[in-house]
Structure formats: structure tokens, C-alpha cells
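Accompanying notes for the structure given below.
Taken together, the values in this text are just the output of simple stated rules run on the coordinates, not laboratory data. Because the structure is predicted, anything quoted here is derived from the model rather than measured. So basically every Cβ, Gly included, is an ideal-geometry build from the backbone, and we count neighbours across all protein chains shown.
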Amino acid sequence: MAMNQSGWRPEMTPSASDAPATFTGNRALMLEEPTIFEIGSTDTTGVDFADGDVSGSRLGDLTRKSAIGLPGLSEPETVRHYTRLSRQNYAIDLGLFPLGSCTMKHNPRLNERMARLPGFADVHPLQPVDTVQGALGVINELAMWLITLTGMHGVAMSPKAGAHGELCGILCIKAALEARGEGHRKVVLVPESAHGTNPATAAFAGFQVEDIPATAEGRVDTAALKARLGPDVAAVMITNPNTCGLFERDLKEISDAVHAAGGYVYCDGANFNAIVGRVRPGDLGVDAMHINLHKTFSTPHGGGGPGSGPVVLSEALSPFGPLPFTARHADGHIQLIEEETAGDDHPDTFGRMVAFHGQMGMFTRALTYILSHGADGLRQVAEDAVLNANYVLRSLEGTLDAPFAASGPCMHEAIFSDAGMAQGFTTLDIAKGLIDEGYHPMTVYFPLVVHGAMLVEPTETESKAALDQFIGALRSVAERAKAGDAALKSAPHYAPRRRLDETLAARKPVLVWKDMPVKEAAE
Ligand SMILES: *Cc1c(COP(=O)(O)O)cnc(C)c1O
């Protein structure tokens, strides 16, 4: 790749047809930014240390023999580099984020204020329990809310994300089966439309995964599921509302059948946003369900940011839940039940999920969100999320194929397929076209049961005006795909980078700057 001394790359500049290329590669305030290895040099340094008086290293043979090879930049150069890169991010604070199955909603600033209070932010997990009663009180109060909202018996607060919560729930099920002397039950039934973490969790915990087919209307085939139950089935994992955006109306009937056959019901609760305050999973016979605080309860996520996946448990599974957990005594003192104290009242625990107590910052944010909404406000969250998704679904009728539109109203997300596009045009083209329109694309090609799936979850925090603009953009891009507009095949045209080979980038990531010898980079 050609580059002049200052590192700008004119051929990378996206050019709107009538816009002249610029000398810098910048486009007004959108600044082109090379990688840190292109702007820094390993020969320079941004800091000015006096030569140390290093006599005799205690590292022995491990002492570094060659230079570390990191580029040197001054402080202002470093700050500008990362600030410029950060301006190329898309974020929930910039615009609507229609990613289905992710519940990307606005994160109220009040949550951040509370999480930053020194008493919460500076708390240390090894502090004596008597000095952190307030923090434990937050965990305990949040736990009570989660139990109440789900109608369940207990909750494990420590799992660090949804997938981790799934593992926690499945390990509870495994422990319960072993305690009953039924460790031979090895099969976990998972619907075809499930999030990939469900089968992965079951397999990781040592179970065999079997698919449950779906009906034409996008729900679990209850008859097929019942027919498969038997003495080898440990559990079913069902997502409700499911990843086609539909409520599993038969869940109670399914739970009863699973229980009668000696199995347990795991519910993937990632979509709880659609039913919080309206439906209590405990009433549907669920034994374990994770709640993604970072989805339903608005704690920030994306880009691998911290999550939190508490797992609510039925009376049957609660004794097997992990340590630690909080217990509030009549005098108000909150005890942390750990290994040393669990013996008497929690002898069947399967153990620990994490070193400490879970994600304190996420707990504080989630409880703030819950208390600021109140019970009635939480119910309205679900109602508005469902209303918004149905508005998107119905507004795009006639533009995009909606395979389950005839199955009745959707829940919190609307699903479309790629049917009806011009020859050679795909869901990917629509996603890329949306980038040019200033939107992060919706979830694409998931769930797998819909061909060329586009899963749109607007959430309750978008206004009608914001939805109308998004719908307009999606309609426009979809019409271009139907009309076979060749320019759409090479979208995005206005993003800092054009269409990338995402599969290659994921499968063969280039993590080492090409001018740096690999050996040096690895050291
Ligand atoms: C997000 C999600 C998960 C996984 O949750 P993480 O917090 O990302 O680990 C599992 N199932 C469904 C349906 C989800 O949407």
C-alpha cells in the first residue's frame, strides 16, 4: 500500500462521485487515521526517563534481550490517535442500534452517576464484610427484585454474562440430576432457532445436544418435543420470547411434560425485555433462567464490555446454586454465604462460578434502572418495546418479506427474510447499505431458521420519529436491493473503509503489524 511520509493513504479515501479527493485524506472533520505503527516509530519515545541505575536484574534469564518494538508517540499524539479512532465508532449514544437479540437500549446517565459513587466504585472484593454492607445491600436488593419479577425461588448473582449464566443453570441441573442418582440423563434438547450459546453451553457441560424442530409459524414444535422426552433427557433449553421474536405460548405445557418425564426446563432469558412486568417465567414452570442485566436492565454493553448474567432458580434447583450469595438477617445485617459458612444451610452447592461476587458496577446500574422505573415503569418498558417492534414490522409490510407476520404480533423484535430481492442481491447488501444511511446494521443471518434473516430490535427507548427515519432508510435500501441497484453491491461508500472480507478477518486475523518482525512482536 502506497503511503507518503506522514502516513496518509489517499486511495483509501471514500469518494462521493462529485467530491474532490483531499490532500490529507480527511473529509472535513472526519479524520483519516492510520494505525499506531504507521504514525509512531520504534526509534522514538514519548517519555523522558533518566537513565536508571540498574545493576543486576532479578529477572535472570528472562531479561528482555531485544527492544520491545512498540511505537513511541508523545502524549498529545497518543491522545489524538485514540480520540480520532473513537470518532469512527458507532454507539448507542450516537444513534439507533437495531441489533436483534441484543437489546441495545439507551443507558440512563443516572445509572452511571450511581455506579461512580465512591462507595460503590472503590469497593474491594476482599474488604471485610462489615465494611461493605451497603454494596452487599445493593446485591441483595437487586436479587430480590429479580426473584420477584421472575416469580422464581432463588438467584445466583455471580455469573458474568448470559452465556456464563447458561453454564451456571446447566451446572445446577447437572448437580440436581446427580443428587437424584440420574447422572445418566445426557441429552439436552435445544430448538433450531436457539442462540448459539445454548447448544455450546450444553455441550461444554458434557451433554449431548439434540435439535427440536420448529413449526411453520416459528415456534417450538410441542408435539415433536414431547415425543422426544424420555429417561435420557436431562433438560430442554428454550428461549422465550424466542429468537424469531415470538412468544412460546406452549411453554407451561412443555414444562409440565418435561417435569413429568424427569427433566428440567432451562429458559434463555436474554429476551426478558419483552415480557418484564408482564410474565413471570416461574409461572411457566421454568427451573433456571439467566437474565442479561446488560440487555433488559440497561447496563451498557457492546464491544465486549462488561456483562452480568444472574440466574434465577426454581425451588428444585436453588439448593444446587453457586456460592457466594447474600442473605439478609432480621437485624438488617447482610451475610455473604461463602464456602466456610455454606456447610449448614447450602451443602449441595455445585461450587463457584467466579473468584468474587459478580459485576458490582452492573449491579448498581441495574438496580438504579429498576428503582427509577418502578414496577409500573418496567411493565411499560416491555409494552413499549413490543409496540415499537410491531410498528417496524407493519411499516415494512410490502417492502420486506416477514416470514412469521401471519403468526400474529411479534414481541420485541421483527424478523425479515431476503425473499424478493433482485438476482444476486443479499441481506449483506442491505446491511452495508444501512451503514451508508448512518445506521449500525441489524442482526443478519440469525436465527438460522430464516433464510437471509434480518432481525430488528428497536427497543423501547426509540421515539416514533427515530423509528420513522430508520424505517425510511431501511425501506429505501430494501427497494434498491429489489430493483437491483448495482451501487448497493459495493456499499458502504461513505464509511471510513469500504466492504471488508469479514469472514477472512475473523478466521485469519492479522494481529501483527507487517513491518514488525513476527518474532519481535510475539516476544
Ligand atoms: C445475548 C444472548 C445470549 C448470550 O448472552 P451474553 O451476555 O452475550 O453472553 C444468549 N441467548 C440469547 C437469546 C441472547 O440474545
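Test of the criteria: in region 447-501, which trypsin sites (Lys or Arg not before Pro) are in a DSSP loop and have at most 15 other Cβ atoms within 10 angstrom of their Cβ? Each step should come with its number before you reach the end.
On the way: sites: K464, R475, R480, K482, K489, R497, R498, R499; in loops: R497, R498, R499.
Hits after loop and neighbour filter: R497, R498, R499.
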Amide H to amide H under 5 Å from E462: which residues, 5+ apart in sequence or cross-chain, H placed 1.01 Å off N in plane?
-> none
Can you tell me which of 367-378, 194-205 comes out highest on packing, and rank the rest after it, using the mean Cβ neighbours within 10 Å?
-> 194-205, 367-378
State the antiparallel share, in %, of DSSP beta bridges confined to the chain, rounding to the nearest 5.
-> 55 percent
Treating cross-link reach as a plain straight distance, find the lysines whose alpha-carbon is under 19 Å from the alpha-carbon of K432, omitting any fewer than eight places away in the same chain.
-> K482, K489
So what is the relative contact order of region 392-523, in percent, for Cα pairs below 8 Å that sit 6 or more residues apart?
-> 26 percent
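So if R0 is 30 Å, what FRET efficiency would T215 and D384 give, r being the distance between their Cβ atoms, rounded to the nearest 0.05? Don't skip to the end; give the middle numbers.
Working: r = 28 Å, r/R0 = 0.95.
Result of the calculation: an efficiency of 0.60.
Please give the net charge around E457, taking every other residue with its beta carbon less than 14 angstrom from that of E457, where Lys and Arg add +1 and Asp and Glu add -1.
Numbers: positive: K105, K295; negative: D384, E413, E460, E462.
Counting the neighbours of E457, the net charge comes to -2.
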So which chymotrypsin sites (Phe, Trp or Tyr not before Pro) in region 19-49 pass both tests, a DSSP loop state and at most 10 other Cβ atoms within 10 Å of the Cβ?
-> F23, F49
What list of ³J(HN,Hα) couplings, whole Hz, do you get for region 97-104 from phi and the Karplus terms 6.51, -1.76, 1.60, once you set θ to phi - 60° and write x for glycine and proline?
-> 10, x, 4, x, 6, 10, 6, 8
Region 333-432, relative contact order in percent, only Cα pairs under 8 angstrom and at least six apart counted = 19 percent
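Given contacts defined as C-alpha pairs under 8 Å and at least six residues apart, what's the relative contact order of the chain, whole-number percent?
Working: 933 pairs, mean separation 94.6, N = 523.
Reported as a whole number, the value is 18 percent.
Hey, which of these cross-link pairs are over 23 Å Cα-Cα: K105/K160; K295/K464; K105/K252? If you can, show how the numbers build up before the last one.
Numbers: K105/K160 19 Å; K295/K464 21 Å; K105/K252 29 Å.
Over 23 Å Cα-Cα: K105/K252.
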Non-local residues with an amide H under 5 Å from the amide H of F325, with H modelled 1.01 Å from N and Pro and chain starts lacking one, are I337
Nonlocal amide H pairs with I238, under 5 Å, H built at 1.01 Å | Y266, C267, D268
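Within the chain, which whole H helices from DSSP have a Cα span along their axis of at least 27 Å and a mean Kyte-Doolittle hydropathy of -0.5 or more, if any?
Span-like helices in the chain: 360-395, 464-483.
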Find how many whole Å separate the alpha carbon centroid of region 460-483 from the alpha carbon centroid of region 46-113.
-> 35 Å
Positive-end residue of T197, G282, V187, charge dipole of the chain with Cβ unit charges = T197
Proximal aspartates and glutamates relative to K186, as straight alpha-carbon distance under 20 Å, when same-chain residues fewer than 8 apart are discounted = E166, E178, E210, D211, D232, D256, D268, D287
Taking 7 Å along the Cα-to-C-beta vector as the label spot, tell me the E253-E502 distance in nanometres, rounded to one decimal.
-> 3.7 nm
